Amino acid sequence: MEDKEIIQKNSETRSTHNNVTRLFVYDFIAYLFFAVVFLYWHDKCSIPEALLLLLAGGVFVFGCRIPFKVYRQVWRYGSTLSYARLIVSDVVALGLLLVTDAISGYIIRDFNQKPATYAGIIAIISLNLIFSMVMRLAYQYAYHSSANDSPKAARFRTLLRIIGRLNISSAYGEGSPGNRHSIRIAVVGAGRTGASLANELINNPYANYKPCIFIDRDPEKVGRQLYGISIMGESRETLEALSEMDIQEVVFALPAMDADEKRRLYEYYKKTGCKVKIYDYPNMRQAGETKRTLREFDIEELLFRKPIELSEEKTIAYYRDKVILVTGGGGSIGSELCRQIAGMKPRKLIILDVYENGAYDIQQELRIAYGDELDLQLEILSVCDREGLETVFSRYRPDVVLNAAAHKHVPLMEHNCCEAVKNNVFGTLNTVDMAVKYGAGRFIMISTDKAVNPTNVMGATKRMCEMIVQSRSTQNTGTVFSCTRFGNVLGSAGSVIPLFKRQIAKGGPVTITDKRIIRYFMTIPEASQLVLQSGAMAKSGELFVLDMGKPVRILDMAENMIRLSGKEPYRDIDIVETGLRPGEKLYEELLIKSEDLDKTDNSMIFVERDTPLSAPEIEERLDILREAVSTNDDKLAKEAMRRVVPTFRKPEVVNAEAAKSEEMNAAL
């Protein structure tokens, strides 16, 4: 396959060189033709002077086109700049010719001949310029119209082939590397973004997409054309036209859409049965990424939630020029924290993770994006390794510690309770102790909404971590401690979104544990911004929580993802229930519903009032957990978690009362 592509590209290169040679020959023949015609009607020049004039004009015209790189342009993709370069080149050539003759007086010796002869020179060069531009425009039109199956376009291409033997195959024509059976798309938005997309697809011989129609609400644009493509208004007739034109995908090319507009457009165009895509920046942008791409309509965008506006100035100022350690830095949240911190110009960023693949990926991404501007260190280590952790802290002495290292998968931790306690509880304890011992100015713990009245081991361990951190904040250690809670993170490793995508790609079925289940969602960038801002505003001991908005039904999410893939739920891909997993409840409780909340400068961020436990109380509970995990008995470890976390409830009890909950009713 690669050899075939190389042969096709080499063939296209040879074709381009041949076309350039032909264009040069046509330009020269045209110049000779106009010169001869002029000399035939103008008899004031002698034959020697006429030949000298012809030679001088040709030397100046074609001599100037070389430094102006006129014949190095790829004219099938000729832009306004390309034609401007051609015009300027010939104007400069004419000026040099006239100035040279005026100074030397050598070409035209008789003064009485000059006005008429100068007019002739201007006419010859101007007519040659017009012919050159028309020839290139015709070639460019023929190349791009090869995707047009109309008889008129076909006749025009045939005529040019007969006359000029120009190779005008395009990405859609025979002999090109493109695909004649391109995906036919409708572009919503005929502004600068939509025009950029269409231009990119039309001029790319390897594009698999063919823009067939623009749709725009601006009445001044409707009825006109852009790149030869009709612009239609947003109407029922347009929706019918999409079906008649065999449009397969609808692409949003609008630079700015708020949540309400995005919802309206999605609901409007999904009725066509076409796959919906968007021409925009990646929703999960990597560091340094600035290019728009034609991509799938991310499920994150189906939340249709207005982006959380977080104050960045104070946050950036706080993290700038500090040594920052991120545990679990190779994970979904940890890696996004590293991306955002890297842009804040820290003195040093240390990524610590036991999983080397994820840590390596974010390390390479940041090195590509920032190079030597970012002092980046990578440490492969488990937070359970207390001695290794102490080595890292003693070497770098971080100013800020962001603790994102944790086991988070609910069903797995139900089956591996001892490991959950060791990693989540005692791993956090180790990190807290090292932060205090080596003088870290701030310790920020990443928590979860599952810590609110937990029904599973993972949530219970996170609640225990919160209690450890809050208790340590009362001990005047010199370190500012805080915790930040948020809900499910869309697109994170092991989350429901990647699972649904894999199931849809295989043709289904899509599995959900229970069709009644609801969850609160936020994006990875939102979660990371919340952590960083709340950590920067912490004074000590705060438990920050976020207003997550309305809960989302997982069933609705599954149906929307199937539709985004161009399929129809229950017809093309089925959705089946598999039953609730161990420790799983039908809903997560609202983070923002208690009267015991304090507001912050950000209207979306609150502080929960919670009375910290004393150091002896925390140590007593840790001893209970130490004794339990030393047995490596998961049942004993779970019972120990119920003793140390009084709010740890059984899921079947909570699920039995789910129908009465405020959360389940809010999702209806």
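The values are calculated or read from the model by the stated rules, or taken from the named source; none is laboratory data. Model, not experiment: these values are computed from the prediction. Here Cβ is always computed from backbone atoms with ideal geometry, including for glycine, and neighbour counts include all displayed protein chains.
For every residue, the table says whether it meets (1) at pLDDT 75 or above; (2) in contact with a Leu (Cβ under 6 Å, 6 or more places away or on another chain); (3) not hydroxyl-bearing (Ser, Thr, Tyr).
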position: 35; (1), (2), (3): yes, yes, yes
position: 39; (1), (2), (3): no, no, yes
position: 51; (1), (2), (3): no, no, yes
position: 59; (1), (2), (3): yes, no, yes
position: 71; (1), (2), (3): yes, no, no
position: 87; (1), (2), (3): yes, no, yes
position: 92; (1), (2), (3): yes, no, yes
position: 108; (1), (2), (3): no, no, yes
query: Can you tell which of 395, 339 is touching a residue at least 40 places away in the same chain (Cβ under 8 Å) and either closer than 24 Å to residue 318 by Cα or assigned by TED's automatic domain parsing to the domain that holds residue 437 (or both)?
result: 339
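Applying the selection to the stretch 235-260, what residues are without any contact (Cβ under 8 Å) to a residue 40 or more places away in the chain and closer than 19 Å to residue 296 by Cβ?
Going through the stretch 235-260, the residues without any contact (Cβ under 8 Å) to a residue 40 or more places away in the chain turn out to be 235-241, 243-244, 256-257.
Hit for the stretch 235-260 is 257, nothing else.
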query: Looking only at the stretch 187-229, which residues are within 26 Å of the chain's Cα centre (by Cα), buried (at least 17 other Cβ atoms within 10 Å of the Cβ) and either in a loop (DSSP other than H, G, I, E, B) or not assigned by TED's automatic domain parsing to the domain that holds residue 239 (or both)?
result: 189, 190, 203, 205, 207, 216
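Name the one entry in 427, 388 that is assigned by TED's automatic domain parsing to the domain that holds residue 467, assigned to a helix (DSSP H, G or I) and over 33 Å from the mean Cα position of the chain (by Cα).
Details: 388 fails: assigned by TED's automatic domain parsing to the domain that holds residue 467.
Just a single option satisfies the conditions, and that option is 427.
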field: Filter result for the condition that a residue is surrounded by 14 or more Cβ atoms within 10 Å (Cβ to Cβ), at pLDDT 95 or above and touching a Leu at 6+ places or on another chain (Cβ under 9 Å), over 294, 310, 376
entry: 376
Hits in the stretch 178-198 - residues which are in contact with a strand residue (DSSP E or B) (Cβ under 7 Å, 6 or more places away or on another chain) and modelled with pLDDT under 85: 182
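Select, from 485, 502, the only residue that is farther than 24 Å from residue 340 by Cα and among the charged types (D, E, K, R).
Values: 485 fails: farther than 24 Å from residue 340 by Cα.
None of the other options fit; the residue is 502.
Looking at the structure I just gave you, is residue 494 on the phi > 0 side of the Ramachandran plot, assigned to a loop (DSSP other than H, G, I, E, B) and either at pLDDT below 80 or touching a His at 6+ places or on another chain (Cβ under 9 Å) (or both)?
Details: on the phi > 0 side of the Ramachandran plot: yes; assigned to a loop (DSSP other than H, G, I, E, B): yes; either at pLDDT below 80 or touching a His at 6+ places or on another chain (Cβ under 9 Å) (or both): yes.
Considered against the rule, which asks whether it is on the phi > 0 side of the Ramachandran plot, assigned to a loop (DSSP other than H, G, I, E, B) and either at pLDDT below 80 or touching a His at 6+ places or on another chain (Cβ under 9 Å) (or both), residue 494 comes out as yes.
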statement: Scanning the stretch 391-417 for residues that are within 17 Å of residue 378 (Cβ to Cβ) and in contact with a strand residue (DSSP E or B) (Cβ under 6 Å, 6 or more places away or on another chain), the one surrounded by the most Cβ atoms within 10 Å (Cβ to Cβ) turns out to be 402
query: Before we move on, is residue 572 of a type outside the set (Val, Ile, Thr), without any contact (Cβ under 8 Å) to a residue 60 or more places away in the chain and at negative phi?
result: no
query: Do we find that residue 83 is in the same structural domain as residue 140 (by TED's automatic domain parsing), modelled with pLDDT of 85 or more, under 37 Å from the mean Cα position of the chain (by Cα) and not hydrophobic (A, V, I, L, M, F, W, C) in this structure?
result: yes
